[in-house]
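The values are calculated or read from the model by the stated rules, or taken from the named source; none is laboratory data. All values reported here derive from a predicted model rather than from experimental measurement. Here the Cβ is made from the backbone with ideal geometry for all residues, glycine too, and neighbour counts use every protein chain on show. Side chains are part of the model used for accessible areas, which takes the heavy atoms of the whole protein and leaves out ligands, DNA and RNA. Shrake-Rupley method; radii C 1.70, N 1.55, O 1.52, S 1.80 Å.
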Amino acid sequence: MVDLKDYAPFTGLIIFGNIENLILASQGAVAHVDPYILSGLSLIAVIIWLLLGTYGTRVAIKYADYIEIIGGVAIIILGIQSMLEAFGIL
């Protein structure tokens with residue numbers, strides 16, 4: 001049985017990763033991507049992350065600090081990119 005304490009070091013990534021998923025989905029909607037394709041791809045991505053998170057936590061727990069830093073930087077970069085695209089800068 002999986003204990004929720006195992007996921008505690010990844011809480012920040014879970015929260016901000018979900019926010020980033022919403023940002024990317026809204027970018028797809030603004031770009032007039034077919035909603036069925038967008039929802040299908042989003043669902044596939046969520047399932048992959050669920051499987052990776054579920055089975056990879058025990059292996060990755062010793063690297064949690066590094067993973068959180070790298071994931072945080074990636075989320076910030078993608079957020080800045082989406083804001084720049086929204087303002088028409090990129």
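If you go through region 56-72 and keep only what is without any contact (Cβ under 8 Å) to a residue 40 or more places away in the chain and open to solvent by 90 Å² or more (accessible area, probe 1.4 Å), you end up with V59, K62, Y63, Y66, I69, I70. Give me a count of the residues in region 20-55 that are open to solvent by 80 Å² or more (accessible area, probe 1.4 Å) and under 10 Å from the mean Cα position of the chain (by Cα). Final tally of qualifying residues: 3.
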